[in-house]
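Inspection log for the structure reproduced underneath, given as structure tokens.
The values are calculated or read from the model by the stated rules, or taken from the named source; none is laboratory data. For clarity, every value in this text was computed on a predicted model and none was experimentally measured. Quick reminder, even Gly has a Cβ in these numbers, built from the backbone with ideal geometry, and neighbours come from all protein chains shown. Note: areas computed on protein heavy atoms with side chains; ligands, DNA, RNA excluded. Shrake-Rupley method; radii C 1.70, N 1.55, O 1.52, S 1.80 Å.
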Amino acid sequence: MVLLPTVSLGVLLYVQFRNHAVDNIKEELTTMAKNWQTVTNSYVQQEDRVLKREQALVEQRLETTVLTAKKILALASNGASRENVYNEISKITLGRSGYAFIIDRNGKYILSKNRWRDGESLGQVTNAKGEYFIQDIIAKVRTLKGDDIYTTSYEWKEVGDTKLRKILVT
């Protein structure tokens, strides 16, 4: 007779303890998940700020480079050979892998990276979405006046590259 109440009390205490332990674990895991979410959101926000700041710096550098290239081209009109001018422009680097290039109104390379693709037409090149982004850029540039500068970006895979990179163009 004493055995049945003792076992019943033991089972009841075990169930209450187990339920309390499960509730505590759920509460701790929920708190940990919220903390991780807060930390992750903070990192994502910080990364967004850094990327925006980097993009602004790159845009500023591109604008400066464009103005430098315009000055070099102006020198060409004062007697320097176009070939020498293009060779000088081809030496311009932007960041780790950026470079200066010039395309004509039809999308044909006048000046390409390392001069490897000079003369090649990009007019019918499409991006991953099937858009004729070079034609879009040319159309926008044709609307510019004076020293206006247009900046945009697109995804591009350079000859020899294995994956697409985001390219910023001015």
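For the reader, a short list of remarks on this structure follows.
- Being open to solvent by less than 50 Å² (accessible area, probe 1.4 Å) and either touching a residue at least 40 places away in the same chain (Cβ under 8 Å) or assigned to a loop (DSSP other than H, G, I, E, B) (or both) is a property that residue 80 has.
- Search result, residues across the stretch 99-141 that are touching a residue at least 40 places away in the same chain (Cβ under 8 Å) and either in contact with a helix residue (DSSP H, G or I) (Cβ under 6 Å, 6 or more places away or on another chain) or not in a loop (DSSP other than H, G, I, E, B) (or both): 113
- Evaluation of residue 152 against the conditions (1) surrounded by fewer than 14 Cβ atoms within 10 Å (Cβ to Cβ); (2) out of contact with any strand residue (DSSP E or B) (no Cβ under 9 Å at 6 or more places or on another chain); (3) hydroxyl-bearing (Ser, Thr, Tyr) shows that the sole unmet condition is (2).
- Search result, residues across the stretch 142-161 that are in a loop (DSSP other than H, G, I, E, B) and either at pLDDT 80 or above or within 15 Å of residue 63 (Cα to Cα) (or both): 142, 143, 144, 145, 146, 147, 148, 149, 150, 151
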